[in-house]
Amino acid sequence: MAYVHWTTLIVMILLAPRAAAENFNQTTAYQACMTTPATCTSLRFVDSQIMGSIPTELAALTNLRELYLYTNQMTGTLPTELGTLTSLTFIGLAVNQFTGTLPTELGAL
């Protein structure tokens, strides 16, 4: 039976490389939500190396309550379609590279 000292194991985990950056609309979670949009209530991509912009098709997720996108590499402007997500109670967008102004449609949420 082989034994590994626990501190060696921790160092190996900490040094593991991050996953390659991925576009938002190519993620498994997003594709699953778009397959059955009525059942999708939460999308969480925190510190996930997600790139690209927020797809306008996100508006199809009418029951979406939580959208966590902070600490990624997302770019572009925020789509006005986010304002149609009337079930949305939380949206986290900090620490990305979004440009432009906040759509006025978000004020209706």
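The values are calculated or read from the model by the stated rules, or taken from the named source; none is laboratory data. Owing to the predicted nature of the structure, the values given are computational and were not obtained by experimental measurement. Here the Cβ positions follow ideal geometry from the backbone for every residue, glycine too, while neighbour counts run over all protein chains shown. Quick note on the areas: whole protein, heavy atoms, side chains included, nothing else; ligands and nucleic acids left out. Shrake-Rupley method; radii C 1.70, N 1.55, O 1.52, S 1.80 Å.
Structural remarks
- Test: residue in the stretch 92-102 that is touching a Lys or Arg at 6+ places or on another chain (Cβ under 8 Å) and part of a strand (DSSP E or B): no
- Of all residues in the stretch 44-66, those that are within 10 Å of the chain's Cα centre (by Cα) and within 17 Å of GLN97 (Cβ to Cβ) total 8.
- Given (1) open to solvent by less than 60 Å² (accessible area, probe 1.4 Å); (2) modelled with pLDDT of 90 or more; (3) small (Gly, Ala, Ser), index of the condition SER53 fails: (1)
Residues checked against (1) in contact (Cβ under 8 Å) with a residue 12 or more places away in the chain; (2) at positive phi; (3) open to solvent by 60 Å² or more (accessible area, probe 1.4 Å):
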| residue | (1), (2), (3) |
| --- | --- |
| ALA29 | yes, no, no |
| GLN49 | yes, yes, no |
| GLU57 | yes, no, yes |
| LEU67 | yes, no, no |
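- The listed residue being out of contact with any helix residue (DSSP H, G or I) (no Cβ under 7 Å at 6 or more places or on another chain), over 20 Å from LEU109 (Cβ atoms), modelled with pLDDT under 85 and surrounded by 12 or more Cβ atoms within 10 Å (Cβ to Cβ), out of ASN25, ASN72: ASN25
- Flag if THR41 is surrounded by 12 or more Cβ atoms within 10 Å (Cβ to Cβ), more than 17 Å from the chain's Cα centre (by Cα) and at pLDDT 90 or above: no
- Residue check for LEU78: in contact with a strand residue (DSSP E or B) (Cβ under 8 Å, 6 or more places away or on another chain) and not in a loop (DSSP other than H, G, I, E, B): no
- Residue match in the stretch 87-103 (condition: in contact with a helix residue (DSSP H, G or I) (Cβ under 8 Å, 6 or more places away or on another chain), of a type in the set (Ser, Thr, Tyr) and either over 16 Å from LEU43 (Cβ atoms) or surrounded by 15 or more Cβ atoms within 10 Å (Cβ to Cβ) (or both)): no
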